[in-house]
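Reviewing the structure listed below.
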Amino acid sequence: MVLEATMICIDNSEWMRNGDYSPCRFQAQADAVNLICGAKTQSNPENTVGILTMAGRGVRVLTTPTTDLGKILACMHDVEMGGEMNMAAGIQVAQLALKHRQNKNQQQRIIVFAGSPVKYDKRVLEVIGKTLKKNSVALDIVNFGEEDGRKPEKLEALLSAVNNNDSSHIVHIPPGPNALSDVLISTPVLNGEGGGSDLPAAAGGNDFDFGVDPNLDPELALALRVSMEEERARQEAAAKRAAEESARQEKVEEPSSNSQDATMVDSADDRASEASGNNTDPVQAITLSMQTPGHNDPSVHDVDMSEATHEEEELAIALQMSMKDESDMSKVLEDQSFVSSVLASLPGVDPNDPSVKDLLASLQGQSESEQKKKEDEPPNDEK
Amino acid sequence: MACLHDHSCEDHDCSSNWSLYKHIDLSKVSALNEAVRGSVKSVFKAWEQRLDSSGEHLESNEGDPELLVYIPFTSDVKIKSISIIGDADGTSPSKMRVFTNRDGIDFSDAHSMQAVQEWDLVENLQGVLEYQTRYAKFQSVSSITLHFPDNFGGDTSRIHYIGFKGEATQLKRDVVATIVYELRPNPSDHKTRAEQDRPFQMWNGE
């Protein structure tokens with residue numbers, strides 16, 4: 001939340017036409033600039049950002065430091081590519097623009113996008129760096145695009161001349177599948193000092209459970225947490241049902257309902273909740289209380305409503321039984337229906353695939369009739 | 001324009017004269033070209049502690065003896081004289097230029113602007129020297145900027161103490177911070193004495 005005025009120096013030279021960053025280097029750079037502007041203004045509403053171009057007909061300031069994000073995005077549209085980048089002049093003009101900022105309490109920062117070769121030698125850059133350090137201006141360098149032999153070395157020298165207490169950073173981004181802006185998200189350029197990020201970072205590397213800051217977006221964080229618990233409860237209920245299936249298969253003869261239950265186990269619904277809605281079983285009550293009502297899979301809904309009532313009591317009995325005996329994992333695995341249902345819920349595994357079936361057969365040594373019954377099941381969608 | 005402190009301090013209490021440090025707004029003090037950010041705040045202390053060099057001090061960056069210190073006060077002050085204690089080995093500053101009531105001065109501004117007053121300093125390790133000001137120009141100072149362009153040949157410049165002698169006026173030379181403009185007057189803001197006891201009433205005009 002540091003109060004900062006930033007000047008972003010854009011490279012709009014001929015080298016930016018290259019397509020090694022998709023769609024082209026210039027567009028990737030523009031996306032990164034938009035991302036940075038958004039992040040800066042979001043972290044502190046009084047932060048200002050300005051833009052200048054370093055190539056073209058000469059260094060040109062597009063906007064002086066402003067809080068207006070729309071103005072910044074608008075002026076990025078008119079930028080044309082051409083010419084050669086003049087880094088030294090660009091940095092010096094940026095420094096001048098920052099010197100005349102309206103709010104003198106803001107810290108000064110320059111972000112340079114270095115995509116083309118740097119024609120100045122190390123000594124000149126070091127002198128510039130020292131001047132920046134003397135006037136307490138921080139500098140962030142984004143090294144991307146053209147890979148010149150001496151460019152990283154020059155930029156590192158510049159950084160060490162400017163760096164005061166780790167307030168300046170350099171980032172090297174080679175061409176690759178990830179977009180420039182995505183790589184920048186996890187760097188200190190966007191995260192500031194100390195690595196604390198105010199963005200809900202898509203690429204991970206954040207401290208919060210679900211990638212969303214509860215302070216920034218409490219409703220989203222709550223919704224994510226609820227759905228996570230729902231999913232967990234559903235899977236617990238599914239596992240319990242599978243355990244009780246194996247218990248019931250031995251005692252009660254209802255093959256059709258078993259296969260139906262097997263299909264139910266895969267689909268994302270809380271049929272268990274409506275079937276045993278009146279169940280006063282405490283464990284069930286706890287899992288069910290976490291499930292929101294009305295969250296039903298309609299296809300399975302139609303099929304099983306007829307059997308809902310008479311299965312309730314059986315469910316109650318079976319659940320109590322399954323809870324009493326220690327869950328025998330081997331027994332559960334022996335259950336053909338349970339294993340196939342688990343396999344079906346895995347993405348990319350089709351239980352009707354012959355190789356999968358052979359595996360099942362070898363595992364359980366089940367009879368042919370059972371296998372045929374599984375084939376008759378409607379193929380479950382991979383979830 | 002240095003004057004020697006030519007009496008012993010047992011007779012009177014010198015520290016009360018040098019008490020303007022209490023009126024410095026320490027949170028807004030800043031310095032340019034300091035090696036350690038924030039170390040400038042350590043040089044403002046009581047007169048008795050001026051020779052205490054065990055704590056932090058203000059040091060410039062390697063190879064660059066220039067220093068620029070911006071000091072805002074919490075109220076307007078009148079400054080009679082200034083005292084600077086440097087360090088040995090040529091690290092004491094040799095010149096001082098001051099600017100009053102301007103903020104955001106950086107090195108290029110400092111070099112190009114005309115200073116309000118300039119002094120040639122001497123090495124003052126015991127803190128017995130004070131530099132008098134042209135008092136008329138320092139009558140209502142809300143902020144002062146000290147520029148030390150050079151030192152006595154050392155690699156860096158070091159300052160252990162900066163003291164101000166003078167008096168505080170309790171007035172604040174303040175910039176108008178927030179102004180609220182009304183499009184229409186709000187009657188409740190403009191009650192006359194008669195109406196204060198009774199709420200605003202419409203006059204039917206008959």
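The values are calculated or read from the model by the stated rules, or taken from the named source; none is laboratory data. Everything numeric here is computed off the predicted structure, so don't read it as measured data. Positions of Cβ are backbone-derived with ideal geometry, glycine not excepted, and every protein chain shown enters the neighbour counts. SASA here: full protein model, heavy atoms, side chains in, ligands and nucleic acids out. Shrake-Rupley method; radii C 1.70, N 1.55, O 1.52, S 1.80 Å.
Annotations for the structure displayed:
- Only a single criterion out of (1) surrounded by 18 or more Cβ atoms within 10 Å (Cβ to Cβ); (2) closer than 21 Å to residue A:121 by Cβ is not satisfied by residue A:167, namely (2).
- Here the range B:41-68 is the region considered, the condition is being away from every other protein chain (no Cβ under 13 Å) and of a type in the set (A, V, I, L, M, F, W, C), and the residue that is farthest from the chain's Cα centre (by Cα) is B:51.
- In the range A:154-163, the residues that are surrounded by fewer than 19 Cβ atoms within 10 Å (Cβ to Cβ) and within 14 Å of chain B (Cβ to nearest Cβ): A:160, A:163
- Taking the conditions (1) under 24 Å from residue A:159 (Cα atoms); (2) in a helix (DSSP H, G or I) in turn, residue A:6 satisfies each one other than (2).
- Look at the range A:1-16: where a residue is of a type in the set (Phe, Trp, Tyr) and a partner is surrounded by fewer than 20 Cβ atoms within 10 Å (Cβ to Cβ), sitting 6+ places away or on another chain with Cβ atoms under 9 Å, you get A:15/A:81; A:15/A:84; A:15/A:117; A:15/A:146.
- Restricting the range A:20-57 to residues that are of a type in the set (Ser, Thr, Tyr) and in contact (Cβ under 8 Å) with a residue 40 or more places away in the chain, the residue that is most open to solvent (accessible area, probe 1.4 Å) is A:22.
- Residue B:143 being surrounded by 13 or more Cβ atoms within 10 Å (Cβ to Cβ) and under 10 Å from residue B:77 (Cα atoms): yes
- Pairs are defined by a Cβ separation below 6 Å, a sequence spacing of at least 6 or placement on different chains, a first member in the range A:155-177 that is closer than 22 Å to residue B:60 by Cα and assigned to a helix (DSSP H, G or I), and a second member that is open to solvent by 60 Å² or more (accessible area, probe 1.4 Å) and at pLDDT 90 or above; the pairs so defined are A:157/A:122; A:157/A:126; A:161/A:126; A:161/A:130.
- Matching entry among B:107, B:99, B:73 (being within 14 Å of the chain's Cα centre (by Cα) and closer than 30 Å to residue A:130 by Cβ): B:99
- When each of A:60, A:17 is tested for being of a type in the set (Lys, Arg), surrounded by fewer than 19 Cβ atoms within 10 Å (Cβ to Cβ) and in contact with a strand residue (DSSP E or B) (Cβ under 6 Å, 6 or more places away or on another chain), the lone residue that passes is A:60.
- Of all residues in the range A:115-123, none satisfies being farther than 23 Å from residue B:61 by Cα and in contact with a strand residue (DSSP E or B) (Cβ under 8 Å, 6 or more places away or on another chain).
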